[in-house]
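> The structure under discussion is supplied below as C-alpha cells; questions concerning it will follow.
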Amino acid sequence: MSTQSDNQTAAAGNRSSGWVVFVFFMIGLVASIISGWVAFPKLLYSTKQQPIDFSHQVHMEQLGSCESCHFFRDDGSFSGAPSLAECKDCHSYPMTDDPDEQKLVEEYVNEDKEVPWLIYAEQPPCVFFSHAAHVRGADMECATCHGDIGESDSLREYQENRLTGYSRDIWGKSMLRLGEAEHGRRQKMNDCAECHLKETGSKGDCFQCHK
C-alpha cells in the first residue's frame, strides 16, 4: 500500500511540475513577443529633428508645384532635396520673423553652407530608383509614394534605424503589413515589387533597381 501511495504522490508531483513548467513557458513566450514586437522597435530607432523646420504648405501656396524645388535636371536625373542654391533664390535675406527662416539665412545662406537635411526616403547605394520613370513615364503623383507631405506645415520627426542608419520610412511602422507607412508608402523591396506586379503584371528584373 505504501508503494502505491508513493507512486500516486510522485505522479501528482510530476503533473504539478508540468503545469509549473508550462505556465513559466507561456510567461516567457508572451514576454518575448511583447519585447520583440513592442519594446525592440522602440529601442531600434532613435529620434532626430531636422536642422531647421520647413513648411511645404507655404511653399506650395507660393510656388505652386513640387517641381519648383524638387526638379529634374537637364540630363533627366532628379535633384532630390533642394540645395542651398535653390534656397538662396528666395531666401537671400529673411522675409519673415520666423526663427527657422532666420536660422536658414544666418547659419546656412550667409555662411554658404549646405543644410544637412535628413532624408526620409534615402536608399542604400546598391539601390537605383528612377523618379523620371515613375513621374514622367508612369505619370505618378508625388503623393502616391510620399503621402500628403505637400500639405504639411511642419517637418515631422526623423526616426533613424540604429543598425542601418536609414529612415524608418523605408520599413514603415509595421514589419508585417505591406505598403503602409505613416506617410505615403513604405519603400522596401517587397512593396516595390507588389506595386509593379499590380500595375504591370510583373515584378520586374533585378537589374532595374539594383545596379
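The values are calculated or read from the model by the stated rules, or taken from the named source; none is laboratory data. All values reported here derive from a predicted model rather than from experimental measurement. Note that each Cβ is placed from the backbone with ideal geometry, even for glycine, and that neighbours are counted across all protein chains shown. The accessibility values were calculated without ligands, DNA or RNA, using every heavy atom of the protein model including side chains. Shrake-Rupley method; radii C 1.70, N 1.55, O 1.52, S 1.80 Å.
> So, in the stretch 151-187, how many residues would count as being in a loop (DSSP other than H, G, I, E, B), touching a Phe, Trp or Tyr at 6+ places or on another chain (Cβ under 8 Å) and modelled with pLDDT of 85 or more?
Summing the residues that are in a loop (DSSP other than H, G, I, E, B), touching a Phe, Trp or Tyr at 6+ places or on another chain (Cβ under 8 Å) and modelled with pLDDT of 85 or more in the stretch 151-187 gives 5.
> Let me ask something else about it. For the stretch 92-107, how many residues meet the condition of being in a loop (DSSP other than H, G, I, E, B) and either of a type in the set (Asp, Glu) or at pLDDT 90 or above (or both)? Break it down stepwise before answering.
The first filter runs over the stretch 92-107 and keeps only residues in a loop (DSSP other than H, G, I, E, B), leaving 92-98.
Okay, now just the ones that are also either of a type in the set (Asp, Glu) or at pLDDT 90 or above (or both), so 97-98.
Qualifying residue count, the stretch 92-107: 2.
> What's the number of the only condition in (1) loosely packed, with under 13 Cβ neighbours inside 10 Å; (2) in a loop (DSSP other than H, G, I, E, B); (3) more than 18 Å from the chain's Cα centre (by Cα) that Met140 fails to meet?
It fails just one condition, (1).
> Looking at Leu118, Leu104, Leu84 in this structure, which one is surrounded by 12 or more Cβ atoms within 10 Å (Cβ to Cβ) and either of a type in the set (Ser, Thr, Tyr) or under 18 Å from Asp169 (Cβ atoms) (or both)? First the steps, then the outcome.
On the way: Leu104 fails: either of a type in the set (Ser, Thr, Tyr) or under 18 Å from Asp169 (Cβ atoms) (or both); Leu84 fails: either of a type in the set (Ser, Thr, Tyr) or under 18 Å from Asp169 (Cβ atoms) (or both).
Leu118 is the lone residue from the list that is surrounded by 12 or more Cβ atoms within 10 Å (Cβ to Cβ) and either of a type in the set (Ser, Thr, Tyr) or under 18 Å from Asp169 (Cβ atoms) (or both).
> I've got another one for you. Those residues that are within 26 Å of Asp98 (Cβ to Cβ) and among the β-branched types (Val, Ile, Thr), I need them from the stretch 136-159; list them, please.
If we filter the stretch 136-159 for residues that are within 26 Å of Asp98 (Cβ to Cβ), which is where we start, we get 142-143, 146-159.
Listed by number, the list holds a single entry, Ile149.
> How many of the residues making up the stretch 33-61 are polar (S, T, N, Q), at pLDDT below 90 and open to solvent by 70 Å² or more (accessible area, probe 1.4 Å)?
First pass over the stretch 33-61, keeping only residues polar (S, T, N, Q): 35, 46-47, 49-50, 55, 57.
Imposing the further condition that a residue be at pLDDT below 90 reduces the set to 35.
Going one step further and asking which of them are open to solvent by 70 Å² or more (accessible area, probe 1.4 Å), we end up with none.
The number of residues fulfilling the criteria is 0.
> Select from the stretch 121-134 the residues that are open to solvent by less than 40 Å² (accessible area, probe 1.4 Å) and hydrophobic (A, V, I, L, M, F, W, C) and list them in ascending order.
Once the filter is applied, which keeps residues that are open to solvent by less than 40 Å² (accessible area, probe 1.4 Å) and hydrophobic (A, V, I, L, M, F, W, C), the stretch 121-134 yields Ala121, Ala132.
> To continue, here is another question. Mind checking which residues of the stretch 87-101 are surrounded by 15 or more Cβ atoms within 10 Å (Cβ to Cβ) and either hydrophobic (A, V, I, L, M, F, W, C) or closer than 16 Å to Leu155 by Cα (or both)?
Once the filter is applied, which keeps residues that are surrounded by 15 or more Cβ atoms within 10 Å (Cβ to Cβ) and either hydrophobic (A, V, I, L, M, F, W, C) or closer than 16 Å to Leu155 by Cα (or both), the stretch 87-101 yields Cys87, Asp100, Glu101.
> Let me ask you something else. Of these, Lys211, Lys113, Lys103, which one is of a type outside the set (A, V, I, L, M, F, W, C) and either in contact with a Ser or Thr (Cβ under 9 Å, 6 or more places away or on another chain) or farther than 25 Å from Met60 by Cα (or both)?
Details: Lys113 fails: either in contact with a Ser or Thr (Cβ under 9 Å, 6 or more places away or on another chain) or farther than 25 Å from Met60 by Cα (or both); Lys103 fails: either in contact with a Ser or Thr (Cβ under 9 Å, 6 or more places away or on another chain) or farther than 25 Å from Met60 by Cα (or both).
That would be Lys211, the only listed residue that is of a type outside the set (A, V, I, L, M, F, W, C) and either in contact with a Ser or Thr (Cβ under 9 Å, 6 or more places away or on another chain) or farther than 25 Å from Met60 by Cα (or both).
> Let me ask you something else. Taking the condition part of a helix (DSSP H, G or I), over 30 Å from His134 (Cβ atoms) and either in contact with a Phe, Trp or Tyr (Cβ under 8 Å, 6 or more places away or on another chain) or modelled with pLDDT of 90 or more (or both), does Gln4 pass? Outline the logic, then answer.
On the way: part of a helix (DSSP H, G or I): yes; over 30 Å from His134 (Cβ atoms): yes; either in contact with a Phe, Trp or Tyr (Cβ under 8 Å, 6 or more places away or on another chain) or modelled with pLDDT of 90 or more (or both): no.
For Gln4, the condition - part of a helix (DSSP H, G or I), over 30 Å from His134 (Cβ atoms) and either in contact with a Phe, Trp or Tyr (Cβ under 8 Å, 6 or more places away or on another chain) or modelled with pLDDT of 90 or more (or both) - is not met.
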